[in-house]
1. For helix 14-23, what angle does its Cα long axis make with the longest principal axis of the chain, in degrees from 0 to 90 and rounded to 10?
2. Could you work out, for segment 73-186, what percent of all Cα-Cα pairs fall into each 10 Å distance bin, beginning at 0 Å and stopping at the bin that holds the largest distance?
3. Please report the equivalent ellipsoid semi-axes of the chain, computed as sqrt(5 x eigenvalue) of the Cα gyration tensor, largest first, in whole Å.
4. Using the charge dipole of segment 118-185 (Lys, Arg: +1 at Cβ; Asp, Glu: -1 at Cβ; taken about the Cα centre), state which of M131, V169, N181 has its Cα farthest towards the positive end.
5. Hey, in the GNM for the chain with a 10 angstrom Cα cutoff, which one of L108, L127, L65 fluctuates hardest?
6. Using only the alpha-carbon atoms, what does segment 19-122 span along each of its principal axes? Please give whole angstrom values in decreasing order.
7. When the helices in the chain are scored as -39500 (n - 2.57) per DSSP H run of 4 or longer and the sum is shared across all residues, what 222 nm value do you end up with, to the nearest 500 deg cm²/dmol?
8. State the Kirkwood hydrodynamic radius of segment 107-168 in Å, one decimal place, computed from all pairs of distinct Cα atoms.
Amino acid sequence: GPAEHLDPALSTEVSASQVGESLYDGLTQVNYTDPENPEVQGQVAESWEGNDDATEWTFTIRDDLFFSDETQVLPSSFERAWERASDPDFAGDYSYLFSFIEGGQEKLDGAAEEISGIEADDDAMTLTVTMSAPYANFPAVAGFKLFAPMPEAVEELEDQNEWENGLMVGNGPFMLDEPWNDQQVMLVPNQH
């Protein structure tokens, strides 16, 4: 059946995930070629490193990636997306995952304006994430669709729910050819 949402901040269904993973690339992805030994691999992140107790992760972002509107994917693209997806007036069903990040639960509860555990450095191309508790598996979770980057264009909307109703701008291998509806989703290769 038709997906309820394609926006990675709101999407919860498998059918939407299949489209979303075509439109958006995350920090990492899990390679299941060997099902008994899945391997976390970089997608937008070229590398990552955690501190000794897995309470801080620093992702180095590739500098050769662009959204379908030709704007560069930057560490701040992830910060923008995570702040958007954790807005208590907009947050979707999977937004509880931000509680793993320092200040994420406070943001979801409306007690904070931003997630304190996110530091994006566009000059150094690094995204540093401070966890609310040790979390050794965060690099695998960081590839989940909820954590996909967002371009500056999303900030131009008065209503964030409208993002998925137009030609969403993504950084994945495909892009929307026309706005989607409950009958079809038309994708074409993303040249950027």
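1. 90
2. 13, 42, 33, 11, 1
3. On the way: eigenvalues 123, 76, 55 Å².
Ellipsoid half-lengths, sorted descending, are 25, 20, 17 Å.
4. Checking the options against the dipole of segment 118-185, the answer is M131.
5. L65
6. Here the spans come out as 42, 37, 28 Å, largest first.
7. -4500 deg cm²/dmol
8. Values: mean 1/r = 0.0696 Å⁻¹.
Over segment 107-168, the inverse of the mean reciprocal pair distance is 14.4 Å.
The values are calculated or read from the model by the stated rules, or taken from the named source; none is laboratory data. Keep in mind that what you see is a predicted model, and the values were worked out from it rather than measured. Quick reminder, even Gly has a Cβ in these numbers, built from the backbone with ideal geometry, and neighbours come from all protein chains shown. The protein model used for the area step is the full one, side chains on, heavy atoms only, and it has no ligands, DNA or RNA in it. Shrake-Rupley method; radii C 1.70, N 1.55, O 1.52, S 1.80 Å.
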